[in-house]
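Participant: Before we start, here is the structure in question, set down as structure tokens.
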Amino acid sequence: MTMLQHAILVLILPLASAAVIALFLRKQGALASWISTAAAGAVAAISLILLLHGERNFPASREWLRFGDFSVRLGFKFDDLAALMLFIVGFVGFLIHVFSLGYMHGDNARARFFGGLSIFMFSMLGIVLADNLFMLFIFWELVGFSSWLLINHYHEKQSAADASKKAFIVNRVGDFGFLLGILMCYWLNHTVSLTELAEKDAAGQLVFSTLIPLLLFCGAVGKSAQLPLQVWLPDAMEGPTPVSALIHAATMVAAGIYMLCRIEVLMVPDALTIIMWTGTATALYAALSAVVQRDIKKVLAYSTLSQLGYMVAAFGLGSLTIKHEMGGAVHELAIATGVGAAMFHLTTHAFFKALLFLGAGSVIIGCHHEQDIFMMGGLRMKMPVTFFTFTIGVLAIIGMPFLAGFFSKDAILYLAMEKNTAVFAILAFTAVLTSFYMVRLWKIVFLGETRSDVATHAHESGLTMTLPLMTLAVLSVAGGYSGVFGKLAGSIAHLVPEAEGSAHTTIPLVSLAVMLVGSSSALFFYKSAAADTLEEKVRVVFAGLTWFKESFDRLYNYYVAKIQQRFAMLLNFLEQIFLAGLIIRGFAGFVGLVGYSARALYTGSLHAYVYWFLLGAVLLWAFATGLL
């Protein structure tokens, strides 16, 4: 098979799986789950083949629709960036499928769930392979639909239904700006092909505008849950835990980062500055919010928000260049790029955040669907595999030296230190908070004494759930080493920051210091985990952080109830009075009145006809003689 055929097969397999499940297996959950998992396994295998041995930049584009001079094409753009993302989505997606076999074993709607997973995989893989912005937008919207379907899996729960609608609506806000950006890009550059845009840039023919990248960034703000559209992501925890892992680890929320890397050629300095500060603010806001969470999945959700903020900030920081003298001439050499740093952290984050979410799912199943961390405790001995693998995930995300998160976080901190001191300080403080709330979560859940009946009777999960945990634990350790990353990322590896001079020691020391400060503070502060120590002893801080976390939801609720709804009522009133009343019903009434009057003339009385005839004759005579 050619590489193009492999790429087409990657898309067809999950789509065919979803179609078979929807048409024939809606009542056969066991068979549906194995078909969906087998398709995901095949996608993972093919993505690995394409990553390690695949041809790059193969031609694959066909015209789909044409309207005069305007055409919409469907095709693939397969380069090192796509190969890396394809592997992440395919491999992590497959592990989540395997985990779901155990997690969803007793669910009556298992077939619908796995059908939704297949649709989601198809949509996400389409985003990865798309060679133009219109095609990317089609799959972008399919991801939104499939995420709505999966978050709403427990549709009998009102909270799940509300969360799915919230996610769908909030993302449509960002996608409206994204669509405007695509249209503006086509209007100014007469193409939305990613390859053609790069060629125009190389030839100096690309038309730049600050508005184009900022409008396109609106889509990333929605999908990657950046301020101020971050409110949907914590609520999405109402879906099954494997869905949380699929959405929050390597797929849906990562789509925004991937899209930004795809449109790097359109970026201008002012747009990058706004993107940088948006990511930085999101990282800090989410970390502060995670500190006061009691729900194990929502702690990880806010953690995801914070790490996505890191990636967005890294992209916004842009390239770091040094002047290099060679042969008497001075050359500028890029030693780091925002794309490389963002994708590096996206890769490692996919591994350890999927591990943490699936570990949380194992804990939830073991504790009979309890999610309050203060109702757990003492699970270290009852769930040893989950404890060991979850511990590795925690160490990776807080930046323990020689684990994956240590390398990718350092890459971003190095860029920030060299490019913007204020951003560096905020991201370093965010790293302190990350260590604090993750060690807090780990200690409360796994150490100490059991604090509820469900924790007392907790049990380890089966092999279908623990095997993905062990696999992701290995990747959370090995994924950060340059050799491994270089093999995964191909030519992207050289884009990862490599510290120069004193930064070789400064950045690792800063990273180690923030990890130790945050983690030791959590261990000291939560000596007893019977209740939330922060809430009991520092009520003002706890209340302030809680208010801060909920402020966006309150603001949106106020806007919807007090402004949008009242404005809608005003428009409805004006529509009923003027449009429906005066214009539509008014004209209809006038025509009806004319008709009624005309009908009144036909009485059937000869005398009436004579009188009307005489009146008409007199009026005609008066008009002819000029009297009228």
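Participant: Given the whole protein assembly as supplied and a 1.4 Å probe, what does the accessible area of LEU65 come to in Å², nearest 10?
Facilitator: Rounded to the nearest 10, the figure is 70 Å².
Participant: If you take the beta carbon distance between ASP162 and LEU211 as r and set R0 to 30 Å, what does 1/(1 + (r/R0)^6) give as a FRET efficiency, to the nearest 0.05?
Facilitator: Efficiency for this residue pair is about 0.30.
Participant: Along the charge dipole of the chain, Cβ charges K/R +1 and D/E -1, which of LEU227, ILE364, ILE12 sits furthest on the positive end?
Facilitator: The listed residue farthest towards the positive side: ILE364.
Participant: Taking the C-alpha atoms of region 21-133, how large are the radius of gyration and the largest Cα-Cα span, Dmax, in Å?
Facilitator: Cα only, region 21-133: 16.7, 54 Å (Rg, Dmax).
Participant: Let me ask something else. With all distinct Cα pairs included, what does the Kirkwood hydrodynamic radius of region 339-418 come out to in Å, to one decimal, could you say?
Facilitator: With all distinct Cα pairs of region 339-418 included, I get 13.8 Å.
Participant: Here's something else I'd like to know. Under 17 Å from the Cα of LYS527, which aspartates and glutamates turn up, not counting those fewer than eight places away in the same chain?
Facilitator: GLU449, GLU535, GLU536
Participant: In addition: Based only on Cα atoms, what mean projected area does the convex hull of region 171-217 have, in nm²?
Facilitator: Across all orientations, region 171-217 yields a mean hull projection of 3.1 nm².
Participant: Further question: Multiply the residue gap between LEU614 and HIS190 by 0.36 nm, knock off their C-alpha separation, and tell me the result in nm, one decimal place.
Facilitator: 145.5 nm
Participant: In percent, how large is the relative contact order of the chain, given Cα pairs closer than 8 Å and 6 or more residues apart?
Facilitator: About 12 percent, as a whole number.
Participant: Stretched out fully, how many nm does the piece from ARG599 to SER551 gain, at 0.36 nm a residue minus the Cα gap?
Facilitator: 10.7 nm
Participant: Largest first, how would PHE114, PHE24 line up by accessible area (1.4 Å probe)?
Facilitator: PHE24, PHE114
Participant: Suppose R0 equals 51 Å. What FRET efficiency, 1/(1 + (r/R0)^6) with r the Cβ-Cβ distance, do SER71 and ASP372 give to the nearest 0.05?
Facilitator: Here the calculated transfer efficiency is 0.40.
Participant: Scaled to the compact-protein estimate 2.2 N^0.38 Å, what is the alpha-carbon radius of gyration of region 544-628, rounded to two decimal places?
Facilitator: 2.51
Participant: Over all directions, how big on average is the projection of the convex hull of the alpha-carbon atoms in region 581-628, in square nanometres?
Facilitator: Directional mean of the projected Cα hull area for region 581-628 stands at 4.7 nm².
Participant: Span-like helices, the chain: DSSP H, alpha-carbon axial extent 24 Å or more, mean Kyte-Doolittle 0.0 or greater, which ones?
Facilitator: 3-24, 29-53, 80-103, 110-129, 133-151, 158-189, 269-290, 296-317, 338-366, 421-446, 503-525, 606-624
Participant: Any chance you could look up the accessible area of ARG294 with a 1.4 Å probe, heavy atoms only, rounded to 10 Å²?
Facilitator: ARG294 has an accessible surface of roughly 90 Å² with all protein chains in place.
Participant: Also, quick follow-up: Using 7 Å Cα-to-Cβ label points, what is the ALA16/ILE583 separation (nm, one decimal)?
Facilitator: Output for this residue pair reads 5.2 nm.
Participant: Report the chymotrypsin sites (Phe, Trp or Tyr not before Pro) located in region 578-611 that are in a DSSP loop and have at most 10 other Cβ atoms inside 10 Å of their Cβ, or state none.
Facilitator: Sites meeting the loop and neighbour criteria: TYR602.
Participant: Same structure, new question: Pull out the extension gain between LEU180 and THR2, defined as 0.36 nm times the separation in residues minus the alpha carbon to alpha carbon distance; nm, one decimal.
Facilitator: 60.4 nm
Participant: With semi-axes √(5λ) of the Cα gyration tensor in Å in mind, check [x] 37, 34, 22; [y] 45, 30, 22; [z] 53, 32, 27 and report the label derived from this structure.
Facilitator: Computed from these coordinates, semi-axes √(5λ) of the Cα gyration tensor in Å corresponds to label [z].
Participant: So what's the back-of-envelope 222 nm ellipticity for the chain, counting only DSSP H runs of four-plus at -39500 (n - 2.57) apiece and dividing by all residues, rounded to 500?
Facilitator: Mean residue ellipticity, 222 nm, calculated: -23000 deg cm²/dmol.
Participant: Largest first, how would LYS27, LYS157, LYS166 line up by accessible area (1.4 Å probe)?
Facilitator: Final ranking, largest accessible area leading: LYS27, LYS157, LYS166.
Participant: Roll a 1.4 Å probe over the protein heavy atoms and report the accessible area of ARG172 in Å², nearest 10.
Facilitator: Rounded to the nearest 10, the figure is 60 Å².
The values are calculated or read from the model by the stated rules, or taken from the named source; none is laboratory data. Since the structure is predicted, the reported quantities are computational estimates derived from the model, not experimental observations. Don't worry about glycine lacking a Cβ; one is built from the backbone with ideal geometry, like all the others, and counts go over all protein chains shown. What goes into the accessible areas is simple: the full protein's heavy atoms, side chains included, and nothing from ligands, DNA or RNA. Shrake-Rupley method; radii C 1.70, N 1.55, O 1.52, S 1.80 Å.
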